[in-house]
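These notes concern the structure reproduced below.
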Amino acid sequence: MQEAVVPVLTARLVATSRPDIKQATVTLHYKTGATRITTRLPVIEVSLDNGDLFSAGAEFEILLEAHDRRGNVVGEAKAGGSVNPATGTIVLRAGDRMQVPLKMQLEFEGKFKVKALNPTTMTTYCSLDLQTDYAV
């Protein structure tokens, strides 16, 4: 009987991995090349330059932190403004520049590195060597 025949369609979906073509260059600056901070809220300029043609419209999430010589976090991006208060990250498009205040720990003094990190993999995009020089 024709009425009893039910067509069946089977589909197998195979996940294919696409190469990550999003590449851009992150650059950190502090006061046009200064190496000493004199305040507990230094402003770091983060810029994102085009890496290739495909990264032109892509958004990049960046975690900005300051680490001492032992790798301990001694400063982080101050929540508010362009910094997401829940994650502590900033989002930039290729070609953007942003000034981000860095909140340093009150008891820390000495040399440290400001790092622009990928928040998912914690790989370092760029780093900047600085030192405290607080006037007391």
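What follows draws every value from the coordinates through simple rules; no lab data is involved. This is a predicted model, so every value here is computed, not measured. A quick note on method: Cβ atoms are made from the backbone with ideal geometry, for glycine too, and the neighbour counts reach across all protein chains shown.
Lys/Arg Cβ at +1, Asp/Glu Cβ at -1, dipole of segment 22-132 taken about the Cα centre: which of 35, 126, 90 is farthest positive-ward?
35
In debye, nearest 20, what is the charge dipole magnitude of segment 22-132 about its Cα centre with +1 on Lys and Arg Cβ and -1 on Asp and Glu Cβ, if you could check?
280 debye
Mind telling me which of 94, 11, 86 comes out most flexible in a GNM of the chain, alpha-carbon contacts under 10 Å?
11
If each residue of separation counts as 0.36 nm, what is the full-extension length gain between residue 38 and residue 108 once their alpha-carbon separation is subtracted?
Once the chain is fully extended between residue 38 and residue 108, it gains 23.9 nm.
Round to the nearest 0.05 the FRET efficiency obtained for residue 15 and residue 79 when R0 = 41 Å and r is the Cβ-Cβ distance.
0.65
Find, to one decimal place in angstroms, the Kirkwood hydrodynamic radius of the chain, where the mean of 1/r is taken over every pair of different Cα atoms and then inverted.
17.2 Å
Summing +1 for each Lys or Arg and -1 for each Asp or Glu, what net charge is found among the other residues whose Cβ lies under 15 Å from the Cβ of residue 106?
Once positives and negatives cancel, what remains is -1.
Quick check for segment 22-132: number of Lys pairs with alpha-carbon distance under 22 Å, counting only pairs 8 or more apart or on different chains?
Lysine pairs, 8 or more places apart or on different chains, close enough: 13.
What is the spin-label model distance, in nm, from residue 68 to residue 96 if the labels are put 7 Å beyond Cα along the C-beta direction?
3.3 nm
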